[in-house]
Amino acid sequence: MPMDEEVTQPLLLDEMDDTRSMSSSLEPIGKPKNEPGISLFEAAHQGSFVLLQDILDGQKAFVHDTDASGVTALHYAALGNHAACVKYLIDRGATVDFVGGQVAATALHWATRSGCLDATHWLIKEGADPLLTDENGYNALHLAVHSGNALLVMYLLMCDSKVDVDARDREQHTALMWAAYNGNDVCVDMLLKHGADIHAIDAARLTSLHWAVAKGNVGCMRLLLERGARVDYVDEHGRTVLDLVDDMKMKKKWRQAIHQAQTSIHPAEQKRRNMLILLLPFVCLPFILATFNRYSWFASLVLVPLEAVVMHLIVVYVLLPAPVPEELTRSPYFSGIFQASAYWVLLNWLWTVAKGTSHLLSWNALFVLTFVVSMMFFYKALLANPGFIISDSTLDEQQAVMLDLVTDGKLDQRHFCITCMIRKPLRSKHCKRCQRCVAKFDHHCPWIFNCVGLENHRHFILFLLHLVICILTYDYLCYQYLTVNATPTEDLGPEDPCKLGATLCSYFAYDSFTFSLAIWAALQLIWVSLLLVVQLYQIMVAVTTNENVNARRYEYLQTRIPRKPISMARQGWTDAGQQEDDKDDSLCLRGKIRSNRFDQGCWNNCATFWSPASTLYYSLYDLPNGRITYTSMTMVEDSV
């Protein structure tokens, strides 16, 4: 079945007609005849509540008036997502399901088509019927999918039992088909979770999988394949999904979707892949470093990067389900590189360096101590639960949370996770790689193959701190070992002259493996040290990496407050003592975020961080007014 212009016409024309009719109906936001100034419809569209009230109270216009296209002020208020105006107009007698405009749409249709969640909520609460269809056969669910607002789709499915997930439009398209055609994998996932028929066919005998392939969205194809979408359905032209893949040159994306779906369906296969990815650096790293032993220094400088690239390509194109960055960061590849490096550093020290530096007993003891401690905290950070927020609420509880949030105007991605179906506590974030919400989320670290959050952040910092000392100690021991034992270059003879200088050439000539491993460790020291410095600074100013990067997204980091920043003081600390500590803030570099209500001063921030993790962050949804103090890790509100 070639996805030519004739076949795609039903969807494309419906979308174009709907968009055109909506836009054309907006053009004549006209004023009533012989009436100067702003009109009732303009006031409703702009959300000017006072002006709207003045117009109606002064009888300059009436709530049932329509503009030139036959729509009411309620339509325009819904289009602008002005919930207060919507409620006011209905209270003044506006007909909730008044049909008007070129596509015979209600105010609810206008709200859902524009993705206006607040207006949709109040319209449905006031009795708007989500099952009504416009001239194109679209109901509220179809139009919500058109808008791409997954939260709005979720609201309609969960908070209104009358909505039929498989309702069809004039061309027999379901909401799932529209979501697949739009390439919105979040909406596809939401509809599938609510029982959308994956095998439904439209008037052209096309399934949702056909439309996902037509869009070329790997995520949508993967979700449909995971749920058992069939590829042998034949359309009206006798073509299957596989024929469509060939016609649209989608073989690469199709293979990615197939591999990702198989990995999701067969978790044992994913574990096997991850194990191979984890072990590969253990095998490749010594061969790469041993290149300096087998070839000249000049040839080795060319071969070593090539060997590293080959290892990387094996992981990306052979072991990963799909050669995309998201799959690479979800794998233990980077963690395997670090663990392999640590493993060979330890073996090299045992076999070579320790014997050549036996006179440096204290330095060797320091290396062993810091190596053991750093690896202990590494595996603690790797294996620990970083603070995953458990989602065990019932459907009724989820609906109650959603209704509370939408009533407060807070049903958005900052306050609700559509994947975990939970209300997000402050400072939490959903990790796309772990597919979980993490309390006091800092960042996802591919080197520890885990998130860094509330429960393992201290382990992560201790790992970095000891690792820096360990690398410095190891490089110093390697330097002493090579300095004492390496033969000066002038004694090596004229054959194969070295161009790296006398000292480096002597190190390469004596033990190139140890020298190259020391250089590799020193390179890791650069980013580890920078990461440690940044992390310590953020601890002192009480922000996480996520908050530092995305500060503008969080209201509690942008709203200036006249009162003193909050205190997370441990039990026994007095207000006077806290004020004295705050005087020393100048000792710490202060960040650009001045309104951080979690910032209690440099020293108190550090003391709070190193205290036992507070379970408060699993359920902290709002910051109360007034001064906030943490006493025995429990938040209480002081009198202002």
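Scanning segment 401-436 for residues that are among the small types (Gly, Ala, Ser) and either modelled with pLDDT of 90 or more or in contact with a His (Cβ under 7 Å, 6 or more places away or on another chain) (or both) turns up just one, 428.
Residue-by-condition table, conditions (1) assigned to a helix (DSSP H, G or I); (2) not assigned by TED's automatic domain parsing to the domain that holds residue 330:
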| site | (1), (2) |
| --- | --- |
| 246 | yes, yes |
| 249 | no, yes |
| 255 | yes, yes |
| 259 | yes, yes |
| 276 | yes, no |
| 279 | yes, no |
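Does residue 128 fit the bill of being in the same structural domain as residue 45 (by TED's automatic domain parsing), within 18 Å of residue 80 (Cα to Cα) and of a type outside the set (Val, Ile, Thr)? Yes, satisfied. Can you say whether residue 118 is outside any helix (DSSP H, G or I), of a type in the set (D, E, K, R) and touching a residue at least 24 places away in the same chain (Cβ under 8 Å), as far as the supplied structure shows? Against the criterion (outside any helix (DSSP H, G or I), of a type in the set (D, E, K, R) and touching a residue at least 24 places away in the same chain (Cβ under 8 Å)), residue 118 does not qualify. May I ask you to verify whether residue 172 is in the same structural domain as residue 147 (by TED's automatic domain parsing), of a type outside the set (A, V, I, L, M, F, W, C), under 23 Å from the mean Cα position of the chain (by Cα) and closer than 25 Å to residue 148 by Cα? Considered against the rule, which asks whether it is in the same structural domain as residue 147 (by TED's automatic domain parsing), of a type outside the set (A, V, I, L, M, F, W, C), under 23 Å from the mean Cα position of the chain (by Cα) and closer than 25 Å to residue 148 by Cα, residue 172 comes out as no. Just wondering, is there one or more residues in segment 415-422 that are touching a residue at least 12 places away in the same chain (Cβ under 8 Å) and at positive phi? Yes, the conditions are met somewhere in segment 415-422.
Results for (1) in contact with a strand residue (DSSP E or B) (Cβ under 9 Å, 6 or more places away or on another chain); (2) of a type in the set (S, T, N, Q), shown as yes or no for each residue.
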position: 72; (1), (2): yes, yes
position: 83; (1), (2): no, no
position: 91; (1), (2): no, no
position: 97; (1), (2): no, no
position: 105; (1), (2): no, no
position: 134; (1), (2): yes, no
position: 152; (1), (2): no, no
position: 156; (1), (2): no, no
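Every condition in (1) assigned to a loop (DSSP other than H, G, I, E, B); (2) at pLDDT 95 or above; (3) of a type in the set (Phe, Trp, Tyr) holds for residue 233 except the one numbered (2).
For segment 436-485, name all the residues that are in contact with a strand residue (DSSP E or B) (Cβ under 7 Å, 6 or more places away or on another chain), among the β-branched types (Val, Ile, Thr) and under 19 Å from residue 532 (Cβ atoms). Listed by number, the list holds a single entry, 452.
Yes/no matrix, rows are residues, columns are (1) without any contact (Cβ under 8 Å) to a residue 60 or more places away in the chain; (2) in a loop (DSSP other than H, G, I, E, B); (3) not hydrophobic (A, V, I, L, M, F, W, C):
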site	(1), (2), (3)
51	yes, no, no
64	yes, yes, yes
70	yes, yes, yes
77	yes, no, no
102	no, yes, yes
110	no, no, no
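Could you look through segment 134-161, keep only residues that are of a type outside the set (A, V, I, L, M, F, W, C) and under 25 Å from residue 410 (Cβ atoms), and pick out the one that is farthest from the chain's Cα centre (by Cα)? Selected residue: 161.
Among the residues of segment 89-113, the one identified as surrounded by fewer than 21 Cβ atoms within 10 Å (Cβ to Cβ) and hydroxyl-bearing (Ser, Thr, Tyr) is 95.
Every residue, every condition in (1) touching a residue at least 12 places away in the same chain (Cβ under 8 Å); (2) part of a helix (DSSP H, G or I); (3) out of contact with any Phe, Trp or Tyr (no Cβ under 6 Å at 6 or more places or on another chain), yes or no:
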| site | (1), (2), (3) |
| --- | --- |
| 451 | yes, no, yes |
| 459 | yes, yes, no |
| 462 | yes, yes, no |
| 469 | yes, yes, yes |
| 472 | yes, yes, yes |
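Of note, residue 125 does not satisfy the criterion of being touching a Phe, Trp or Tyr at 6+ places or on another chain (Cβ under 6 Å), charged (D, E, K, R), surrounded by fewer than 20 Cβ atoms within 10 Å (Cβ to Cβ) and within 30 Å of residue 393 (Cβ to Cβ).
Just checking, which of 87, 60 is of a type in the set (Lys, Arg) and part of a loop (DSSP other than H, G, I, E, B)?
Exactly one of 87, 60 is of a type in the set (Lys, Arg) and part of a loop (DSSP other than H, G, I, E, B), namely 60.
The residues in segment 307-322 that are among the hydrophobic types (A, V, I, L, M, F, W, C) and either farther than 28 Å from residue 272 by Cβ or crowded, with 16+ Cβ neighbours inside 10 Å (or both) can be counted, and the count is 6. For segment 323-436, the helices (runs of 4 or more DSSP H) that sit wholly inside it and include 3 or more residues that are surrounded by fewer than 16 Cβ atoms within 10 Å (Cβ to Cβ) are 325-330, 361-383, 395-407.
Checked across segment 284-301, the condition of being within 30 Å of the chain's Cα centre (by Cα) and either touching a residue at least 12 places away in the same chain (Cβ under 8 Å) or farther than 19 Å from residue 327 by Cα (or both) holds for no residue.
The values are calculated or read from the model by the stated rules, or taken from the named source; none is laboratory data. If you're wondering where the values come from, they're calculated on a predicted model, not measured in any experiment. Note that each Cβ is placed from the backbone with ideal geometry, even for glycine, and that neighbours are counted across all protein chains shown.
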